[in-house]
1. Kirkwood Rh and Cα-based Rg: tell me the resulting Rg over Rh for the stretch 29-267, rounded to two decimals.
2. Sorting 325, 71 on the 10 Å Cβ count, fewest up front, what's the list?
3. What is the order of 349, 340, 82, fewest Cβ neighbours within 10 Å to most?
4. If neighbour count is taken as other Cβ atoms inside 10 Å, put 173, 223, 336 in order from fewest to most.
5. May I ask what percent, to the nearest 5, of DSSP beta bridges between residues of the stretch 29-267 are antiparallel?
6. Distance from the Cα centre of the stretch 70-148 to that of the stretch 328-371, in angstrom?
7. For the stretch 328-371, rounded, prolate or oblate, judged on the Cα gyration tensor with a ≥ b ≥ c (square roots of eigenvalues), a/c < 1.5 rounded, else prolate if a/b > b/c?
8. Calculate the length of the line joining the C-alpha centroid of the stretch 196-223 to that of the stretch 158-178, in whole Å.
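Derivation of every value follows stated rules applied to the coordinates shown; laboratory data play no part. Keep in mind that what you see is a predicted model, and the values were worked out from it rather than measured. Cβ atoms come from the backbone with ideal geometry, glycine included; neighbour counts cover every protein chain shown.
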């Protein structure tokens, strides 16, 4: 009894181990099924902070600062659907206001996360919803509020940053370099960073057209701090019903700074007419044939090791591409098997190869360190 009284305070004094994803290079189907996408998103972002933002000490000042905002523009007509289903990405809706390149986007998103993902509804829910980063810092560059995606500018609460990453440039425009530390190191404009990122000596980037935010996991109107609508537009009914503060904005042709849209805004909740409910166009839609072919390797990975092993060894002989990268990521947990070690050793190493970068990650102390 005396021993128990002594040990208990010692145990309580030990720091709690930070929660982490179960696998270093992938998220398993079982993990997706059993874990809330918001919780997974927080772990994904914390992993990037730990393995990239904090890699290689000696960083300078915070790039974004505490007043950085995530702004997403949408058409007013979809907000009733958003109130029902949340903000959805292209994989969930099958539509986009930008480039329709789902296969390239899915690969770029996995590279941004430095994690391989099985396909499916839960994986799609985890994948990013894209926003503009407004850092209120002129040295990052100036850009206009992207109203071509819709006239309602939604500004998210500060805590959403726990589930968000950002890049200096559009991650799809530069999809061949997205999330790749080997492609420019800390100077890579489309290496995912977190809100706490401090500028490193190799990083001399400014926003390329704009800084892109990627919000991971489920995202709803509950995550909205306030919204802004154009001067001449009514307050969307969905925002009024959700009791979300709404401001009016105008962006003169002479300005190119996002900040001007809200600095001159007027609070208008309850003081302007509200729009009628509109039919939602962002609801998930069934697909006859997914644009991205599912990888059977993730499904096979749930089998007992003796059954999965032949499938993994065969996949490790695939040509460079997504299938081989999936195999390398899944092999990370089986390097106690001599056959897996031998198969990995036979893989060709080529400069500028994405598969080679994933192979090198197996032995890296941190994902964003030179070695």
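1. My calculation puts Rg/Rh at 0.95.
2. Least to most surrounded, the residues fall as 71, 325.
3. 349, 340, 82
4. 336, 173, 223
5. Of all bridge pairs located within the stretch 29-267, approximately 85 percent are antiparallel.
6. 30 Å
7. oblate
8. 5 Å
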